[in-house]
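Have a look at the structure below, then the notes.
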Amino acid sequence: MKQRNSFCYEQYTQHFQTTFNLSNQKQQSLERLLRYLCEVESIHYNDQIGSEVLIHYIRHHIDNDFQSISFRQAIKDIKAFYSLLIKDPHFKKTPKLDLSLLNSNLWKDLSAHYKGPRS
């Protein structure tokens with residue numbers, strides 16, 4: 001991990017740990033998503049975290065055939081992180097995110113992106 005991205009990850013992790021009392025499961029979800037945001041998306045500022053970036057987290061795992069976590073866990077990670085964003089006063093601009101089944105365009109887009117397991 002690059003030094004700047006490592007610093008970003010440590011800053012965000014420390015912030016959420018001191019702001020919220022997280023269960024072990026939520027802590028693991030948060031760590032996975034923060035690593036993705038800092039290492040893959042190179043996010044360094046709160047206002048860079050938009051709904052599209054969170055959807056990219058799912059696409060990232062689709063592209064990696066869900067080797068590290070399942071589809072269900074990716075959704076849980078996003079929901080856990082999103083719930084923290086909503087509660088956190090430091091995030092003034094919380095992205096609008098609809099992961100419900102009613103958001104058919106999102107699910108069509110993600111299913112079109114999925115090419116099936118690679119052999």
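The values are calculated or read from the model by the stated rules, or taken from the named source; none is laboratory data. Computed from a predicted structure; not experimentally measured. Methodologically, a virtual Cβ is constructed for each residue, glycine included, from the backbone with ideal geometry; neighbour enumeration extends over all protein chains shown.
Odds and ends about this structure:
- Looking only at residues in the stretch 13-41 that are among the hydroxyl-bearing types (Ser, Thr, Tyr) and at pLDDT below 90, the one that is farthest from Leu110 (Cα to Cα) is Thr18.
- Residues being surrounded by fewer than 17 Cβ atoms within 10 Å (Cβ to Cβ) and within 21 Å of Lys108 (Cβ to Cβ) - total across the stretch 67-91: 5
- Within the stretch 68-88, one or more residues are in contact with a Phe, Trp or Tyr (Cβ under 8 Å, 6 or more places away or on another chain) and over 25 Å from Ser6 (Cβ atoms).
- Hey, His61 touching a helix residue (DSSP H, G or I) at 6+ places or on another chain (Cβ under 6 Å), exposed (fewer than 15 other Cβ atoms within 10 Å of the Cβ) and either under 13 Å from Ser83 (Cα atoms) or not β-branched (Val, Ile, Thr) (or both) or not: no
- Every pair of residues 6+ apart whose Cβ atoms lie under 9 Å, when the first sits in the stretch 6-25 and is in a helix (DSSP H, G or I) while the second is of a type in the set (Gly, Ala, Ser) and surrounded by 16 or more Cβ atoms within 10 Å (Cβ to Cβ): Gln25/Ala80
- Yes/no for Asp88 being in contact with a helix residue (DSSP H, G or I) (Cβ under 9 Å, 6 or more places away or on another chain), in contact (Cβ under 8 Å) with a residue 40 or more places away in the chain and among the acidic types (Asp, Glu): yes
- Count of the stretch 95-119 residues which are under 17 Å from His56 (Cβ atoms) and in contact with a helix residue (DSSP H, G or I) (Cβ under 9 Å, 6 or more places away or on another chain): 11
- For the stretch 75-83, the criterion of being at pLDDT 90 or above and in contact with a Pro (Cβ under 9 Å, 6 or more places away or on another chain) is met by at least one residue.
- Matching residues in the stretch 36-49 - criterion: being at negative phi, surrounded by fewer than 16 Cβ atoms within 10 Å (Cβ to Cβ) and of a type outside the set (Asp, Glu): Val40, His44, Tyr45, Asn46, Gln48
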